[in-house]
Amino acid sequence: MGSDRQALRHSLLNCMGGAESDFDGIALGIFEYQLAHNSPYRKYCTALGQSQETVTRWQDIPPVPADAFKSCLPLTCFPPENTIRTFLTSGTTSETKGEHHFCDLELYESAIIHGWRHAKLPELLQAYFASRPPAETPHSSLGHMFQTLCPDHSPDRWLATPGHGFDITSLIGQSTPLVLFGTSLSLLHLCHSTNPIALPAGSRVFQTGGFKGVSAEHNPEELSDQICRHFDITEDQLIHEYGMTELSSQSYAPGKNSNFRCPPWLRVQVIDPATGHSLPSGEPGYLVLYDLANLDSVLAVRTQDFARMIDHSTFQLLGRDPAALPRGCSRASDSFFQSAS
Amino acid sequence: MTTPERLTDLANHSELFAPWTGAFTKNDLEDLINTEFGSPSALDQPVSKDEKTFHLEVPKTILHIVSANTPHAAFQSLLRGLVLGSHNRIKLPSAGLPTFEAILPALPPSLNALVETSRDLPPDWLTTAEVLVIFGNDDTVRTLTEQAPATTRVIGHGQRLSIALVLDDPETAATLAATDVCSFDQRGCLSVHDVYVHPDCPASPETFAALLAEAMAKDVLTSPPSPLTPSEAGAITTLRETARFISASLPEQCQLWESPDSTAWTVIHESHPAIKVSCLNRVAYVKPWPSHDLHTSLGKELQHLACIALHPFSDSFANSLSILNPSRICPLGQTQHPPLTWHQDNHPPLASLTTWHDQPALRSSPRRMGPGHH
């Protein structure tokens, strides 16, 4: 196990560092490694009639449904005692939450940092977050991402107050460009509960997560417009992120209506929801992600997000399937703010 | 128009309603009025009892908000409103309800005049309705209830599901359960989502699941499922893959039976007894009936329970299930055919829409007219 993993990890870190990489070769290597060390995944593949003999391209690696992370079967390639961090999907207290276990945060954090750089996003010297500090949300993958990206962890960076409101005092009077992070719903609450504030020229607002199934239906385009008006930024200054607790890597879409771009170690396919067969570029279907940074869990994850693939590194997100149960980091934030009312 | 004239018109056109309400005659409608109000003429004359007189007041206008998943609710709710002689405004789903809309031109003018439909909700409909009947999910019911004037009577029918319980005779039960699961592709509140197998049943839950799968495969041959949207099909395939994932490691906890190369039918055996909500379109769970502490074992979805179907049906066992507060307990195979007197969500079908005026002694009073003639 050790040498396999070390070699794969080394290849991955090289890939994240910008070296030319053989995605197919690394993906098949990780698939083989995960078949050997991830018992629930191996048994699932066996049930599907798939093995390292039948899978010869990364596109054929069987994806697990995201709900598999909610089962009692840990999707890991390491023994439970080696877990150093578990991130949980959001949901109400009565709902089962998905669990993504990690034994190696260095790899996880490398994917976050290099993914950000690969998207050519600004260095985060002046970053603020429309959420509570990570110390209060230790199981939030998004909180950990914020913390990883921003070197300054001083308390005034976290704008959500314990009373479920916002304190934006630290934004007032700023003159150097800053980046404001938030989920779709936390930004919506911020817009509703504070007076409009013009961010310094060159600032960006980073928006992640959907908002289906909570409070009311919100139109994504209207929300983007509202955020731009509230913070006096242009559409190009709004950055959208696609990520999920079940993955280790993120995709970014700068500006309104942009396509999401994946880093080199993340690829996508779109499948027919009824048959699971892959669809050609431009056809709408379910998004399947192949994230090599999920080295110690399972690299292929099937979502219930509708998308159109542009190419295997670019996709247009159409939205959450209405048939899917409400989920997503945005919802955790919504629960937090709703509890105040 | 008097009530007898209206009931005659309804009975003469019962074939328009029958697929969704069951067939009915004028006598059936009179019996319904008699059952609800204690007198077949209660809609037209005061009712006397114990030397007191009661006047029944029917709402002039009922607003029915109906959902898109099935036309059953629209037909049943309209029939109740027409029996009362109220003016019925029906807010249809924004995409319409073609099966329902198609019958309206076929109604006689006397009844057609009592029906208005709209795919939007005109603001005055909500403020002028005396009674508001809402079919939808709990959020819809809550939101519209908050928007209605405080004086409006609101009858809310939120999300509901039904279950079946097999006590014996598993082969017959499988055929009957397949009928109840497959009818209308599980889109109504009386649709069976979970089939429970009692510990005394000769078949284990796993064995019964296989029997049900076989019966559902046969049912598909005679009544093919409706075409599915990508979202509906995706819900089924996602659930199947999740079940397959668990089954591969824990077959004693979860097993999957599925139609090959299609989404036509799905059966999932789970060893945990909590009620699971199906993703619809012929997806059924088979589970063991808990031997104790029913409320806890059946879980939080119990609050949404509409109907329990039993096989074989017995009054004594049905009575023992009343602690679960279903609005209906019926023989398996008949869940989709409730009688006109069915207390949907525990509401009396006509009486819940009306009000009474009391007076101490019976006096000679003029014959009361229907609404709109006051």
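Classify the stretch B:316-356: rounded, prolate or oblate, from the alpha-carbon gyration tensor (a ≥ b ≥ c, eigenvalue square roots; a/c under 1.5 rounded; otherwise prolate if a/b is larger than b/c)? Cα axes put the stretch B:316-356 in the oblate bin. For chain B, the relative contact order is 21 percent, taking Cα pairs closer than 8 Å that sit 6 or more residues apart in sequence and dividing their mean separation by the residue count. For the pair A:ARG57 and A:ASP311, label points projected 7 Å from Cα toward Cβ lie 1.6 nm apart.
Label 7 Å along Cα→Cβ of B:SER226; the stretch B:62-80 residues with amide nitrogen under 16 Å? Counting only backbone N, you get B:66-76. For chain A, the relative contact order is 19 percent, taking Cα pairs closer than 8 Å that sit 6 or more residues apart in sequence and dividing their mean separation by the residue count. Taking a ≥ b ≥ c as the square roots of the Cα gyration tensor eigenvalues, chain A comes out prolate, since a/c reaches at least 1.5 and a/b is larger than b/c. Have a look at the DSSP beta bridges in the stretch B:1-136 and tell me what percent are antiparallel, nearest 5. For the stretch B:1-136, the DSSP antiparallel bridge percentage is about 20. On full extension, the segment bounded by B:LEU250 and B:SER48 gains 66.2 nm, given 0.36 nm per residue less the C-alpha separation.
Per-residue Cβ neighbour counts within 10 Å put A:VAL268, B:VAL283 in the sequence A:VAL268, B:VAL283, beginning with the fewest. Computed about the Cα centre, the dipole magnitude for chain B is approximately 940 debye when only Lys and Arg (+1) and Asp and Glu (-1) carry charge, each at its Cβ.
Rounded to the nearest 5, the antiparallel percentage of DSSP beta bridges internal to the protein assembly as shown is 45%. What separates the Cα centres of the stretch B:104-170 and the stretch A:132-204 is a distance of 43 Å.
Placing unit charges on C-beta atoms (Lys and Arg positive, Asp and Glu negative, everything else neutral), compute the dipole magnitude of the stretch B:130-253 about its Cα centre in debye, rounded to 20.
Charge dipole, the stretch B:130-253, about its Cα centre: 420 debye, nearest 20.
Computed on the stretch A:130-170, with alpha-carbon pairs under 8 angstrom and 6+ residues apart, the relative contact order is 43 percent. Each of B:HIS269, B:HIS198 was scored by other Cβ atoms within 10 Å of its Cβ. Listed from fewest to most, they are B:HIS198, B:HIS269. DSSP beta bridges fully contained in chain A are about 65 percent antiparallel. Taking each residue as 0.36 nm, the span from B:ALA318 to B:ASP261 lengthens on full extension beyond its C-alpha to C-alpha distance by 16.6 nm. Extension gain for B:GLN303-B:GLU5 works out to 103.2 nm (0.36 nm per residue, less the C-alpha to C-alpha distance). About its Cα centre, the protein assembly as shown has a charge dipole of approximately 940 debye under the convention of +1 per Lys or Arg Cβ and -1 per Asp or Glu Cβ, with nothing else charged.
When peptides A:173-185, A:270-282, A:292-304, B:140-152 are sorted by average Cβ neighbour count within 10 Å, with the highest value leading, the order is A:292-304, A:173-185, A:270-282, B:140-152.
Note on B:LYS26 and A:ALA36: with the Förster distance fixed at 56 Å, the Cβ-Cβ geometry gives a FRET efficiency of about 0.15. In this structure, the pairs whose alpha-carbon distance is over 30 Å, taken from A:LYS43/B:LYS287; B:LYS218/B:LYS287; B:LYS91/B:LYS287, are B:LYS91/B:LYS287. Neighbours of A:ALA201, meaning other residues whose beta-carbon lies under 14 angstrom from its beta-carbon, give a summed charge of -1 when Lys and Arg score +1 and Asp and Glu score -1. Decide, for the stretch A:107-254, between rounded, prolate and oblate: order the square roots of the alpha carbon gyration tensor eigenvalues as a ≥ b ≥ c, take rounded if a/c falls under 1.5, and otherwise choose prolate if a/b is larger than b/c, else oblate. It is rounded, given that a/c, with a ≥ b ≥ c, falls under 1.5.
Any read-out appearing in this document is the output of simple, stated calculations on the displayed coordinates, not a laboratory observation. Computed from a predicted structure; not experimentally measured. We place every Cβ from the backbone using ideal geometry, glycine too, and count neighbours over all the protein chains shown.
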